[in-house]
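Chemist: Okay, here's the structure, questions in a sec.
The values are calculated or read from the model by the stated rules, or taken from the named source; none is laboratory data. Owing to the predicted nature of the structure, the values given are computational and were not obtained by experimental measurement. Don't worry about glycine lacking a Cβ; one is built from the backbone with ideal geometry, like all the others, and counts go over all protein chains shown. To get the accessible areas, we keep the full protein, side chains included, count just its heavy atoms, and leave off ligands, DNA and RNA. Shrake-Rupley method; radii C 1.70, N 1.55, O 1.52, S 1.80 Å.
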Amino acid sequence: MSDCLEQMRTRARKCADTIHENSEVKVVSHIDADGITSAAIICKALESAGIESSVGFVKQLDENTIFKLADQNPELVIFTDLGSGMLETIIRSGLNVVISDHHRPRGDTENLIKHHLNPHLFGANGSTDISGSGTTYLLANELGDNHDLAGLAIVGAIGDMQNRRNGHLISLNREILEEGVSKGILSFEKDVMLFGKQTRPIFKLLQFASDPYLPGLTGDEDACIEFLHRIGLRFGDDDRWRRWIDLEQKEKQTIVSALLQHGLSSGQESCKLERLIGEVYILLNEREGTEMRDATEYSTLLNATGRYDNAEIGMAVCMGDREEAYEKASRLLTEHRSNLVDGLKFVKTNGITKLSNLQYFDAGSNIKETIIGIVAGMSTSVIADRNYPIVAFADAEGGVKVSARGTQDLVRKGLNLSEALAFVSAEVGGAGGGHDIAAGATIPQNSKDEFIRRLDSIIGAQISKQ
């Protein structure tokens, strides 16, 4: 990947030269953790370079958004974590742009836009090798020495689940991680993958576990307390509850062993239990005991702000606000985790419909459209059949949000959800795209039946070619 990295840095240098020619920049980014960290990285770099900037966040970049932006006549627009799927529309709008993205590009990638930084253009995979925040980190370092932003780049990569395929970060992400380690900004180690190690009492760590899901424990506080009593763990002191980071190594091993035994006795597959342990990433300049200390918790905190229409609060946290913005983000996070558990319960109660080549569920208005993709992904680990991609519908303003998730095994067999959703959504009057393993779309309300039928056929054709 060294050649790819050098090629990306060369392109990033050209993008940076264009940025330096402007005195004011409009940054447009996605609302998830990868998009929020991408925006923060470029804005910090612009600030250091003495270039004024403003930021806007969007759920999805569509033609209407692009032309509304063009009407504002900005000097330069930097798209981060989006833009590569709308190249032709961006050209038609007349916008002066730099694109820093990692989603699979659509259109004439080499001739349409010169200042386009995307790993797919250089032979890398934007699903596993580098995220939008990592791509933007490379751009930021051509604007000046911004290696101190490696932590945010890793938070974005973890938020984009780029560590899931191998259980750890690889390729270009690994290069960024190692830069952060060498600068004393990051560290990594093997540990339990449950959310809340820095901040939650141990029984809450288990109660709100969603990925991996703990059968009989997730969502049930009393059962979690009883579980800890049963294994003889002292999980509270006189003045406060103990957190995972407060435990001795032997105590951690006792819990992990008991959780593995519990999962097997509950009929959970071993491949799902393997997700309990993995490589975790620590931001050494953040205070221990806060969400920002752990990359997974940090990314989830940011996702909570973006998924509930407050991406600017997450951005403020990334920019250093540890008071008002952090308090607001923490409240949104509490709501977010609860909603994810409720979403999983909805899917488990209402079931999943299986077709020839895919499975799907329709949440209607029961699951918020901004978290339906997360619930779909979690369902793959908990409820769904991993031999089929899962597709989820949720009501959205002006239509239906579609989120699709696959597995690496299915991708190796030929699955490409980005291509499938882009093609079928266009056929029914919508728009979509993303990655081979995870993609999304927005379609008209009355087109769900036709959409899912055509998508089932397209996915069947993709896999049968192999």
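Chemist: Of the conditions (1) farther than 30 Å from M86 by Cα; (2) modelled with pLDDT under 95; (3) surrounded by fewer than 20 Cβ atoms within 10 Å (Cβ to Cβ), Y326 fails just one. Which one is it?
Modeler: Here Y326 clears every test but (2).
Chemist: Sort out which residues of the range 168-200 are open to solvent by 30 Å² or more (accessible area, probe 1.4 Å), touching a residue at least 40 places away in the same chain (Cβ under 8 Å), of a type outside the set (V, I, T) and not in a helix (DSSP H, G or I), and write them in order of number.
Modeler: Scanning the range 168-200 gives H168, G184, S187, F188, E189, K190, M193, R200.
Chemist: Go through the range 201-241 and give me each residue that's aliphatic (A, V, I, L, M), closer than 20 Å to E288 by Cβ and touching a residue at least 40 places away in the same chain (Cβ under 8 Å). Break it down stepwise before answering.
Modeler: Within the range 201-241, the first condition is being aliphatic (A, V, I, L, M), and the residues that meet it are 202, 205-206, 209, 214, 217, 223, 225, 228, 231, 233.
Going one step further and asking which of them are closer than 20 Å to E288 by Cβ, we end up with 202, 205.
If the condition is that a residue be aliphatic (A, V, I, L, M), closer than 20 Å to E288 by Cβ and touching a residue at least 40 places away in the same chain (Cβ under 8 Å), then I202 is the only one that fits.
Chemist: Filter the range 345-358 down to the residues that are touching a helix residue (DSSP H, G or I) at 6+ places or on another chain (Cβ under 9 Å) and surrounded by fewer than 22 Cβ atoms within 10 Å (Cβ to Cβ), then identify the one that is nearest to N416 (Cα to Cα). Give the steps one after another, and end with the answer.
Modeler: Residues of the range 345-358 touching a helix residue (DSSP H, G or I) at 6+ places or on another chain (Cβ under 9 Å): 346-348, 352-353, 355-358.
Still in the list and also surrounded by fewer than 22 Cβ atoms within 10 Å (Cβ to Cβ): 346, 348, 352-353, 355-357.
Details: F346: 27, K348: 26, I352: 21, T353: 21, L355: 18, S356: 17, N357: 13 Å.
Per the stated criteria, the residue is N357.
Chemist: Quick check on R293: is it closer than 17 Å to L205 by Cβ, open to solvent by 20 Å² or more (accessible area, probe 1.4 Å), at pLDDT 95 or above and not hydrophobic (A, V, I, L, M, F, W, C)? Spell out how you get there, then give the answer.
Modeler: Details: closer than 17 Å to L205 by Cβ: yes; open to solvent by 20 Å² or more (accessible area, probe 1.4 Å): yes; at pLDDT 95 or above: yes; not hydrophobic (A, V, I, L, M, F, W, C): yes.
Criteria met by R293.
Chemist: Report, ordered by the first and then the second residue, all pairs with beta carbons closer than 8 Å, sequence separation of six or more or different chains, a first member in the range 450-465 that is assigned to a helix (DSSP H, G or I), and a second member that is acidic (D, E).
Modeler: That search, which allows pairs on different chains as well, returns R454/E427; Q462/E419.
Chemist: When only residues in the range 89-107 that are within 27 Å of the chain's Cα centre (by Cα) and of a type in the set (D, E, K, R) count, which is surrounded by the most Cβ atoms within 10 Å (Cβ to Cβ)? Give the derivation first.
Modeler: Taking the range 89-107 as the starting set, the residues that turn out to be within 27 Å of the chain's Cα centre (by Cα) are 89-90, 97-107.
Now drop any that are not of a type in the set (D, E, K, R), which leaves 101, 104, 106.
Details: D101: 29, R104: 23, R106: 16.
Ranking the candidates gives D101 first.
Chemist: For the range 318-333, give me each residue that is within 17 Å of the chain's Cα centre (by Cα) and either over 18 Å from R200 (Cα atoms) or not in a helix (DSSP H, G or I) (or both).
Modeler: Correct list: C318 only.
Chemist: Another question about this same structure. Does E335 satisfy the criteria of being closer than 20 Å to I42 by Cα, charged (D, E, K, R) and touching a residue at least 12 places away in the same chain (Cβ under 8 Å)?
Modeler: Details: closer than 20 Å to I42 by Cα: no; charged (D, E, K, R): yes; touching a residue at least 12 places away in the same chain (Cβ under 8 Å): yes.
The answer is no for E335.
Chemist: How many residues are among the hydrophobic types (A, V, I, L, M, F, W, C), farther than 15 Å from G196 by Cα and in contact with a Pro (Cβ under 8 Å, 6 or more places away or on another chain) if we restrict to the range 273-289?
Modeler: 1
Chemist: Of the numbered conditions (1) crowded, with 19+ Cβ neighbours inside 10 Å; (2) out of contact with any His (no Cβ under 7 Å at 6 or more places or on another chain); (3) at pLDDT below 95, G151 fails exactly one; give the number of that condition.
Modeler: The single condition G151 does not satisfy is (3).
Chemist: Could you grab me the full set of residues in the range 348-365 that are in contact (Cβ under 8 Å) with a residue 24 or more places away in the chain and farther than 13 Å from D385 by Cβ?
Modeler: The first filter runs over the range 348-365 and keeps only residues in contact (Cβ under 8 Å) with a residue 24 or more places away in the chain, leaving 348, 352, 354-365.
Once the filter is applied, which keeps residues that are in contact (Cβ under 8 Å) with a residue 24 or more places away in the chain and farther than 13 Å from D385 by Cβ, the range 348-365 yields K348, D362, A363, G364, S365.
Chemist: Out of the range 404-436, which residues are free of Cβ contacts under 8 Å to residues at least 60 places away in the same chain, in a helix (DSSP H, G or I), open to solvent by less than 30 Å² (accessible area, probe 1.4 Å) and not β-branched (V, I, T)?
Modeler: Answer for the range 404-436, where residues must be free of Cβ contacts under 8 Å to residues at least 60 places away in the same chain, in a helix (DSSP H, G or I), open to solvent by less than 30 Å² (accessible area, probe 1.4 Å) and not β-branched (V, I, T): L410, L417, A420, L421, S425.
Chemist: Follow-up question, since we're still on this one. Which strands (runs of 3 or more DSSP E) sit wholly inside the range 1-119 and have at least 1 residues that are touching a residue at least 12 places away in the same chain (Cβ under 8 Å), basic (K, R) and closer than 26 Å to N303 by Cα? Please lay out each step first, then the result.
Modeler: Numbers: elements: 24-30, 52-58, 77-80, 97-100.
Because the criterion is at least 1 residues that are touching a residue at least 12 places away in the same chain (Cβ under 8 Å), basic (K, R) and closer than 26 Å to N303 by Cα, the strands (runs of 3 or more DSSP E) in the range 1-119 that meet it are 24-30.
Chemist: Keeping to the range 334-378, report how many residues are part of a helix (DSSP H, G or I) and under 16 Å from A439 (Cβ atoms). Spell out the reasoning first.
Modeler: Looking only at the range 334-378, we keep the residues that are part of a helix (DSSP H, G or I), and these are 334-350, 372-378.
Those still in the list that are under 16 Å from A439 (Cβ atoms) too: 372-377.
Qualifying residue count for the region: 6.
Chemist: Looking at the range 79-88, which of the residues that are crowded, with 20+ Cβ neighbours inside 10 Å and of a type outside the set (A, V, I, L, M, F, W, C) is farthest from T135 (Cα to Cα)?
Modeler: Filtering first and then ranking leaves G85.
Chemist: Considering only the range 329-343, how many residues are closer than 11 Å to T305 by Cβ and open to solvent by less than 50 Å² (accessible area, probe 1.4 Å)?
Modeler: Counting residues in the range 329-343 that are closer than 11 Å to T305 by Cβ and open to solvent by less than 50 Å² (accessible area, probe 1.4 Å) gives 5.
Chemist: Only one residue in D449, D395, D456 is surrounded by fewer than 16 Cβ atoms within 10 Å (Cβ to Cβ) and either small (G, A, S) or over 20 Å from the mean Cα position of the chain (by Cα) (or both). Which one? Before you say what the answer is, go through the steps one by one.
Modeler: Values: D395 fails: surrounded by fewer than 16 Cβ atoms within 10 Å (Cβ to Cβ); D456 fails: surrounded by fewer than 16 Cβ atoms within 10 Å (Cβ to Cβ).
Answer to the check: D449.
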